[in-house]
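To keep things clear, I will list the structure first and then write my remarks on it.
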Amino acid sequence: MAFEALIKQRQSVRRYLEKPVEPEKIEKIINSVHLAPSACNSQPWKLIIVDDPELKNQVALATFNDIISFNRFSLEAPVIAVLVTEKARLIARIGGSIKNQKYPHYDIGIAAAHICLQAAELGLGSCMIGWFNEKQIKKLLNVPGKLKIGLIITLGYPPEDYKLRQKIRKPVETVCSFNRY
């Protein structure tokens, strides 16, 4: 698929079919993250693929509660990808400290984009989730105490009637300029 078509097709999917994702598609998603660029090639992440139905449901339940229920759709997704932020290489940490930047945060975003774009290319839907009970998910997945979960991404097949929504974006001239702010 041409890149322009891919980025136009990719959208956040919040409904999924009860259809498992084939292992070869999961492997392609894993490889896309493995090839994602990062500051100083640190690759400061650990990707955890949660596809065991019972564990996946426990992780999904930690993305919403009775008051904040907008991530309830995560229960429908057959797979949840969890990106854990790892320690960056020393040179990236030094550079980040000097420049007052958190490069691993950017790197996690790039890795997440690779997941979502690869999923779209494979005919899968995805949705990045930033609201979750980190403590509960870390316990469920045995994530070491000092590490942070950067993002959670649901993966699966959207229903046939799931419509491609028109992307509503700010006018391009408000988010881009040439040579000056």
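The values are calculated or read from the model by the stated rules, or taken from the named source; none is laboratory data. Nothing here was measured: the structure is a model prediction, and the numbers come from that model. Note: ideal-geometry Cβ built from the backbone for every residue, glycine included; neighbour counts use all protein chains shown. We work out accessible area using only protein heavy atoms, side chains counted, and drop any ligands, DNA or RNA first. Shrake-Rupley method; radii C 1.70, N 1.55, O 1.52, S 1.80 Å.
Note on the stretch 32-47: residues that are over 17 Å from residue 129 (Cβ atoms), part of a helix (DSSP H, G or I) and either touching a residue at least 24 places away in the same chain (Cβ under 8 Å) or in contact with a Lys or Arg (Cβ under 7 Å, 6 or more places away or on another chain) (or both) total 4.
Checked against the criteria, residue 56 counts as within 29 Å of residue 121 (Cα to Cα) and basic (Lys, Arg).
Across the stretch 92-130, what is the total count of residues that are hydrophobic (A, V, I, L, M, F, W, C) and assigned to a strand (DSSP E or B)?
Number satisfying all stated conditions: 3.
Quick grid of which residues meet (1) within 11 Å of the chain's Cα centre (by Cα); (2) open to solvent by less than 80 Å² (accessible area, probe 1.4 Å); (3) at pLDDT 95 or above:
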| position | (1), (2), (3) |
| --- | --- |
| 104 | no, yes, no |
| 108 | yes, yes, yes |
| 115 | yes, yes, yes |
| 124 | no, yes, yes |
| 145 | no, yes, no |
| 155 | yes, yes, yes |
| 165 | no, no, no |
| 168 | no, no, no |
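Restricting attention to the stretch 1-23, report how many residues are open to solvent by less than 60 Å² (accessible area, probe 1.4 Å) and in contact (Cβ under 8 Å) with a residue 12 or more places away in the chain. Selection size over the stretch 1-23: 7. Would you say residue 38 is open to solvent by less than 40 Å² (accessible area, probe 1.4 Å) and farther than 25 Å from residue 10 by Cα? Considered against the rule, which asks whether it is open to solvent by less than 40 Å² (accessible area, probe 1.4 Å) and farther than 25 Å from residue 10 by Cα, residue 38 comes out as no. Does residue 26 fit the bill of being open to solvent by 30 Å² or more (accessible area, probe 1.4 Å), at pLDDT 95 or above and under 23 Å from residue 84 (Cα atoms)? It is false that residue 26 is open to solvent by 30 Å² or more (accessible area, probe 1.4 Å), at pLDDT 95 or above and under 23 Å from residue 84 (Cα atoms).
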